[in-house]
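Have a look at the structure below, then the notes.
The values are calculated or read from the model by the stated rules, or taken from the named source; none is laboratory data. Remember, predicted model here, so these are calculated numbers, not experimental data. In this analysis, Cβ positions are derived from the backbone assuming ideal geometry, glycine residues included, and neighbour counts consider all displayed protein chains. These area figures cover heavy atoms from the full protein model, side chains too; ligands, DNA and RNA do not enter into them. Shrake-Rupley method; radii C 1.70, N 1.55, O 1.52, S 1.80 Å.
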Amino acid sequence: QPTPDLSQGVGDITAIAVREGALVVWRETACYLLPGYGFTNTSDGQNFGPAQIISEDVGAISMESVAAIDAGWVFKSSKGWYLLSRSFSLEYIGGAVADYDSEAILSVTVIEAQHQVRCLSASRMLVLDTQAKQWLEWTIADGLDAVMWKGTHVYLTATGPKQQGTTYTNLTYGQDIDTAWIKPADLQGAVSIRMVQLLGEFRSACYVRVRIAYNYKMTNTPAVPEYVDDKTWLVSPSSTVGDVLQVKHGPKRPRCQSIKIRLTVVA
């Protein structure tokens, strides 16, 4: 039987996938599209192809680094993480996690219920939120492999398997919100700001830290806003989840040309 020509690119064939009535083949430094359904077991029908080159310099490093999602395929190449869309176009999506490109990927698992692609290496778990199109990093450094088992994400360690928990306590992270420079008087003149008020929703016991910078003032090393006000407030009295959380802060320099506010909420 005739075989498709996949001579372009360097390295072995590393992964294959089928979708939209076409076969996608990845090599180490190339990927191809082969339309059609191929021969049947009795040699009826037509062969795949002819082969169409999607890329001559981007391929998949291994089958373990390819995952099918609704938008197409997420895969790890020697140049980082890419998305091969259902229209067979390539999009680089790995800029936020490029620092970890040298790490070998042990498994890629799709968690459909949570809209996540979890990519396990020996040093960490990288998580792609396919709805927000953002990356997360989990401090998992003992993983050897991962799989979906009875609807639960399980990863293997040297001492046995571990699975995703259903509860979590002792939350340690919070929110850090930094506004742009607010210019009520535009580029000239000045205004008087009597009060800055945070309005939110109470979720748990926390501290609220308010920092304010004025008049575009920046520090030199590094170049960050020079915050003059720095006040931390323990939310008190305790509220119930869902109640209004609000706190007022009077700026030290009410008369100013511009103001920049940073709000930090931590456990």
key: Filter result for Asn220 (polar (S, T, N, Q), outside any strand (DSSP E or B) and farther than 20 Å from Gln197 by Cβ)   = yes
Selection within segment 112-122 - polar (S, T, N, Q) and open to solvent by 40 Å² or more (accessible area, probe 1.4 Å) = Gln114
ask   = What residue, of Thr109, Thr152, Thr179, Thr139, is open to solvent by 80 Å² or more (accessible area, probe 1.4 Å) and β-branched (Val, Ile, Thr)?
value = Thr139
task = Restricting attention to segment 143-167, report how many residues are in contact with a strand residue (DSSP E or B) (Cβ under 6 Å, 6 or more places away or on another chain), farther than 21 Å from Ser62 by Cβ and part of a loop (DSSP other than H, G, I, E, B).
result = 1
note = When every residue in segment 182-214 that is farther than 16 Å from Gly250 by Cα and open to solvent by less than 70 Å² (accessible area, probe 1.4 Å) is compared, the one modelled with the lowest pLDDT is Ala185
Members of segment 67-88 found to be within 14 Å of the chain's Cα centre (by Cα) and farther than 24 Å from Met148 by Cα, listed by number = Gly80
query = Which ones in segment 87-106 are β-branched (Val, Ile, Thr) and out of contact with any Phe, Trp or Tyr (no Cβ under 6 Å at 6 or more places or on another chain)?
reply = Ile105
request  = State which residue is most open to solvent (accessible area, probe 1.4 Å) when the search covers only segment 65-97 and only residues that are of a type in the set (D, E, K, R) and in contact (Cβ under 8 Å) with a residue 12 or more places away in the chain.
outcome  = Asp70
query = Does any residue of segment 46-59 turn out to be surrounded by 15 or more Cβ atoms within 10 Å (Cβ to Cβ) and within 30 Å of Leu144 (Cα to Cα)?
reply = yes
query = Can Met125 be described as over 14 Å from the mean Cα position of the chain (by Cα), more than 24 Å from Ile54 (Cβ to Cβ), open to solvent by less than 80 Å² (accessible area, probe 1.4 Å) and not small (Gly, Ala, Ser)?
reply = no
inquiry  = Could you go through segment 12-34 and let me know if any residue there is at pLDDT 90 or above, part of a strand (DSSP E or B), charged (D, E, K, R) and under 29 Å from the mean Cα position of the chain (by Cα).
reply    = yes
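Against the condition under 24 Å from Val24 (Cβ atoms) and in contact with a Gly (Cβ under 7 Å, 6 or more places away or on another chain), how does Arg86 come out, does it pass?
So Arg86 fits the description; yes.
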